[in-house]
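What follows is a set of notes on a single structure, which appears directly below.
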Amino acid sequence: MHIPKTIQSILLISLLYLQIPLWAQEYSVSSIAPSLLENAVAVIREYHTEVEIIADNNSVLRQKKAITILEPRGLSLADIHIARDSFRRPRRIRAILYDQEGTMIRELGAEELSTQNLHTGYSVYSDIEFITTDIRTNQFPFTIEYVYEVYSTINYLNQIWSPLSNLEVSVENASLRIITPLAMSFRHKETGDQLTAPMITEMENKKRKHFWQLENIAALKDEPFMPQWFRLAPHIIISPDDFNYGGYTGSMQSWEEFGQWINKLNKGRQGLPIRVRREIRNLTADLTDTLEIIKRVHQYVQDQTRYVSINLGIGGFQPETARGVLRNQFGDCKALSNLTQALLAHLGIPSYYTLIFSGSDYLPVDPEFPHNYFNHAILCVPLGQDTLWLETTVSQFPPGYIGSSNSDRYVLVVTPEGGVLTRTPPFVQEQSRTTQVVHAGFKEEGHVEFTLHKTFEGLNFEDRAFFGMYSPHDQREFLLHTTDMADVRVNHLEYIFRHLPEPLVEKNAQMEAMHFMRRAGNRFLLQPVVLHQAFPPPPFAENRINPLELGSTGVYIDTIHWRLPLHFSISHLPENVLLETPFGEYRLEFTFNAENHHLEVKRRFLLRAGYHEPEKFNEFASFLRTVYQKDRTYVFLEAGGAGSTAISTE
């Protein structure tokens, strides 16, 4: 159930429910505080959200948002996306344009509101539609104000609220109200110095109101290697104690109870046709090892089905039946995990349906605050003292490999007794290697032939796991576009995909560069570090604002063997380099064998995961800049007598 971040935000906001007073506001640009204009392409003037739970199957959201667009780069932020499906019905949508003085220009007509299906670019089977606008203008700045209501038949009060959902956008005034019956309870967690505990008021109509307010929140400057959104933006996590979604009642007061609700949704959906039961038994009849049986079942699911995102009714949470997936030959992450679980159960192998957030920009799970943080489903298979994780939606991933988007994070394993919170394993950096061996030799002056063998392992397996889907032409084009050399011809290229004993991609290539060496007077300049993984350095920052956050890379190891012509001598060989920093490691070593005119270059590079204060950014940029420069260092060659070995390392 992969949903892009933008759509996730829309869905979360659209699940809220609110009451907005419609008093007049001052929208002139001149009234905006200077601090809110810094690093901003837009300013949210008002962002008022109110949720009212009327009954178990009756709630309403009332939303008011006004945003001033300061320049063309912020134009896309002027549009709205209001979700509509079998549970939600938007009403009373109004949109009004104002000029830079805050004077009303006009109200948008109904014909300026369009409807788009979720499957347009995102999903194939969905009943979700979005009411959207497409504001186009050359007049900046301007303000657009939206007011609307969404009536819903669910009271699933599970969302993350923040008006600061984009970089380079500041907030002038925002508030969240949640109105519930006195008998209804929910939990909330505030993050950010600007947020405090809510003001709680008991109302005369046997209801309770929670109220939060934010004012004058500066824009987040867009900077390279900045932390993820959740570390910087003030936000509130709302989680229900008890809820009703699509007629299924549940509780989120504990992980165990939330897992019990998932069990309700999945109950009775694993029946298999007699034909399939017989087929899967015959398919595994020659196997006795449990791991080998699991691998064959996993491959069977990949062969019989394909991944399709499904969002129909409660289908955002409930998997299609195993029979339905086999009949249709497709399913989403929930359906494919459920089918695999059913097949394994038929063979006597227990496994557990598991919820996870898949992706890099995610809100980490707080073990002490049960909440539906998840957007994806995988499968957990106990194997003695070990655990095997299955990603059923990516055919290129073998059993046990779940990719960087699923590794090293909390997941909810749904057991028969309920949910159990645990973690997926991290990738070990030293086992996530890209290892390359290059043999380079001269056919004639300036004309070089390269033969290379490269392997991608661990985390780095993902870098090339999907290349089998590309045509040979596209594979060659990718190689040419990522090669920092001119006049290159690819004579041979192949990728070999291996899954045993560990996932591995092998790359073999033969290439030629026609004009590789540069001439400087009587010297020839040879750049010996070739065909490596480059990390261009970011520019230095005079006034870095945000902390520096680095994700772990794999280890990149290169060995380049140069066969130099006998009539060339080396007049300058660069010094070896060793850089050990809090940000990463870089080694570059040169060894010249005079007897056979062989130059060996060894390179090793990695980045370390870490969180650093803003003032450390330029040290990091300097580290990458040094790496970038040393990778482009030259060996100086001079034409001379055969076997000449004069070397300078000055």
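Rounded to the nearest 10 degrees, the angle from helix 333-346 to the longest Cα principal axis of the chain is 80 degrees. Sorting 596-605, 156-165, 541-550 by average packing, meaning the other beta carbons within 10 Å per residue, from highest down gives 156-165, 596-605, 541-550.
For Lys264, the aspartates and glutamates whose Cα comes closer than 12 Å to its Cα, not counting residues fewer than 8 places off in the same chain, are Glu417.
Within the shell of other residues whose beta carbon sits under 10 angstrom from the beta carbon of Val555, the net charge comes to -1, with Lys and Arg scored +1 and Asp and Glu -1.
Taking a straight line from the alpha carbon of Lys207, these aspartates and glutamates sit under 18 Å away, with near neighbours fewer than eight places off in the same chain left out: Glu50, Glu52, Asp56, Asp241, Asp242. Normalised by residue count, the range 542-650 yields a Cα convex hull volume of 97 Å³ per residue. Under the definition of Cα pairs under 8 Å and six or more residues apart, what whole-number percent is the relative contact order of the range 52-185? So the answer I get is 39 percent. Can you give the angle from 0 to 90° between the axis of helix 5-14 and the longest principal axis of the chain, with both taken from C-alpha atoms, to the nearest 10? For helix 5-14, the angle is close to 10 degrees.
Please report, largest first and rounded to whole Å, the three semi-axes of the ellipsoid equivalent to the range 25-75, where each semi-axis is the square root of five times an eigenvalue of the C-alpha gyration tensor.
Ellipsoid half-lengths, sorted descending, are 32, 12, 9 Å.
Taking all protein chains as shown and a probe of 1.4 angstrom, His188 keeps an accessible surface of around 60 Å².
For the chain, DSSP calls about 90 percent of its internal beta bridges antiparallel.
The residues of the range 320-359 present an accessible area of 29 Å² per residue when probed at 1.4 Å with all protein chains retained.
The portion of the accessible surface of the chain made up by carbon and sulfur, rounded to a whole percent, is 48 (1.4 Å probe; DNA, RNA and ligands excluded). Angle of helix 617-631 to the longest C-alpha principal axis of the chain, folded into 0 to 90 degrees and rounded to 10: 30°. Of interest is the spacing of the C-alpha centroids, which for the range 262-292 and the range 224-242 amounts to 40 Å.
Each other residue within a Cβ distance under 9 Å of Gly403 adds +1 if Lys or Arg and -1 if Asp or Glu, for a net charge of -2.
Could you compute the net charge surrounding Gly268? Neighbours are other residues with a C-beta less than 14 Å from the C-beta of Gly268; K and R count +1, D and E count -1. Taking every other residue near Gly268 into account, the sum is +3.
The values are calculated or read from the model by the stated rules, or taken from the named source; none is laboratory data. This structure is a prediction, so every number in the text was calculated from the model and none was measured. Don't worry about glycine lacking a Cβ; one is built from the backbone with ideal geometry, like all the others, and counts go over all protein chains shown. Remember, those area values only see protein heavy atoms, side chains included, never the ligands or the DNA or RNA. Shrake-Rupley method; radii C 1.70, N 1.55, O 1.52, S 1.80 Å.
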